[in-house]
Amino acid sequence: MYKKPNFFILGAGKSGTTTLYKYLSTHPSIYLTKIKEPTFFCEDYQVVKNPITYFELFENATNESYLGEASHGYLSDPKSARLIRSLFPDSKFVIILRNPADRAYSLYNHMRRYRYEKITTFEKALVAENERINSEYFRKNNPQYIHNFLYFESGKYGSQIQRYLNLFDKRQFIFLKYDELIVNPNDVINKVCHFLDISPYNFTHVEYANKGFRTKSKLLDRLIHSRIISNKITIKLKLKAALNSINRSPLKPMKRETKVNLMKKYEQDLKLLYKLTGIRFD
C-alpha cells in the first residue's frame, strides 16, 4: 500500500516556502518529499505527472507523524484545493504570506532571472497581465506555471484562502508572515511545530533560501549558463558558483508609485484576507 501525504506547505510563492521546507524537513516527526514543488495537483503545471510516481515520493518515510510536500502552486491554482480535498480531507496546511506587492516584484525578478519572462520592466509585465490571463494560447504555451506570469493576480491571497476554507476546517491551517520568518525564524518554525503538536525544534544556523538578486552583466550571465565553461561537472559547478557571486548584486527597489498603485488594487482582497486570517499588510 502506498503511503500518502497528510501535510502541505501551500505557498505563497516567493514568501519563504523554500526556507520553511528546508528546515521542517529536518524535523524527526516530519517527512517532506526530496522533490520540492511536485505540483501534482496543478492542472496547468505538473512537475510530477504520474500518480504512481507521486506516491512513490513518500515511500522512504518511516515513523514520521507527518508526510508532506511543498508546492506553492496549490495556493494560486483554482482547482488544487478541491483535488486535495477529494483525496486528503484531514490534512494540515501551512500558508506563509508576504506583502503582495513585494511578492509580485520578487516573483517578476525571479522569472526574469531564470529567463522565463521576456518583458523587460515590471510595470510593462503588469500591463500584459490582462491579456495573459484571458489568453488560452498563453496558458497552453508559456514556458512555466501560468500563475507565475500573473504577478498581481497570483497575490490575491484572500480569494485563494477562501477557496480552501470553503472545503476544509480552518483549524487545519496555520497562517504565517514572511517578515516574521526573516526576523525570528525559530519562533515561526516552532509555531508550526505547536500547530502540528510535535516537539519544538530550534536551529543553531538558519539561512534564508532563494534570496533575490540581479545580474550585473548579461554577457557574463550567458557564459555562466553556456556549455563551454568546462567538460568536468565538478569544475563547472565550482566555476559557475564563483562567476555567479561576481555577477550578482542586490535587486533595485520597486518604484514607489508602482507599489502604491498595487496596494490600492489589492485593497479589497486584503480586507478579505484580514477577515479570514487576521493577517494585515499595510
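List the residues, sorted by chain then number, that are 5 or more residues from G11 or on another chain and whose placed amide H is less than 5 Å from its amide H.
For G11, the qualifying residues are I96.
Under 13 Å from the 7 Å Cα→Cβ point of D44, by amide nitrogen: which residues of region 50-80?
Only 73-80 fall inside the zone, counting backbone N under 13 Å.
With 25 Å as the limit, write out which pairs from K118/K156; K79/K124; K124/K252 have Cα-Cα distances beyond it, or answer none.
K79/K124
Calculate, for K259 and N184, the FRET efficiency according to 1/(1 + (r/R0)^6) with r their C-beta to C-beta distance and R0 35 Å; round to the nearest 0.05. Write out the running numbers ahead of the final one.
Values: r = 25 Å, r/R0 = 0.71.
Efficiency computed from Cβ-Cβ geometry: 0.90.
Per-residue counts of other Cβ atoms within 10 Å, averaged by peptide: what ranking do you get for 258-264, 21-27, 100-106, 49-55, highest first?
On the way: 258-264: 14.7, 21-27: 18.7, 100-106: 23.3, 49-55: 12.6.
Peptide ranking by packing, descending: 100-106, 21-27, 258-264, 49-55.
In terms of modelled amide H atoms, which long-range or inter-chain residues lie less than 5 Å from the amide H of L67?
Placed amide hydrogens put N6, F7, Y31 under 5 Å from L67.
From Cα pairs below 8 angstrom and at least 6 apart in sequence, can you work out the relative contact order of region 27-172, rounded to a whole percent?
Working: 152 pairs, mean separation 38.8, N = 146.
With pairs under 8 Å counted, the relative contact order is 27 percent.
Rounded, prolate or oblate: which fits region 1-41 when a ≥ b ≥ c are the square roots of the eigenvalues of the alpha-carbon gyration tensor, with rounded for a/c under 1.5 and prolate only if a/b beats b/c? Could you put the intermediate results ahead of the total?
On the way: a/c = 2.24, a/b = 1.26, b/c = 1.77.
Here region 1-41 falls in the oblate category.
How large is ³J(HN,Hα), in whole Hz, for each residue of region 159-169 in order, when computed from phi with the Karplus curve 6.51 cos²θ - 1.76 cosθ + 1.60 and θ = phi - 60°, using x for Gly and Pro?
Per residue, the Karplus-derived 3J(HN,Hα) values read 5, 5, 5, 4, 4, 6, 6, 6, 10, 10, 6 Hz.
What are the ³J(HN,Hα) couplings of region 270-282, residue after residue, when phi is run through the Karplus curve with 6.51, -1.76, 1.60 and θ = phi - 60°? Round to Hz, x for glycine and proline.
Taking θ as phi minus 60°, the curve returns 5, 5, 5, 4, 5, 4, 7, 10, x, 8, 10, 10, 9 Hz for region 270-282.
Out of residues 5 or more away from Q46 or on other chains, whose amide H comes under 5 Å of its own, with H placed 1.01 Å from N in the peptide plane?
Excluding prolines and chain starts, which carry no amide H, there are no hits.
Output the peptides 84-94, 64-74 sorted from most to least packed, where packing is the average of other Cβ atoms within 10 Å over each peptide's residues.
On the way: 84-94: 16.0, 64-74: 23.1.
Listed from highest to lowest mean packing, they are 64-74, 84-94.
Specify whether the C-alpha gyration tensor of region 42-153 places it in the rounded, prolate or oblate class, a ≥ b ≥ c being the square roots of the eigenvalues: rounded for a/c under 1.5, otherwise prolate if a/b is larger than b/c and oblate if not. Before the final figure, lay out each step's value.
Details: a/c = 2.20, a/b = 1.89, b/c = 1.17.
Prolate, because a/c is 1.5 or more and a/b exceeds b/c.
Computed from the coordinates by the stated procedures, all read-outs in this text should not be read as laboratory data. Worth saying up front: this structure is predicted, and the values here are computed from it rather than measured. Counting neighbours? That spans all protein chains shown, and the Cβs are built from the backbone with ideal geometry, glycine included.
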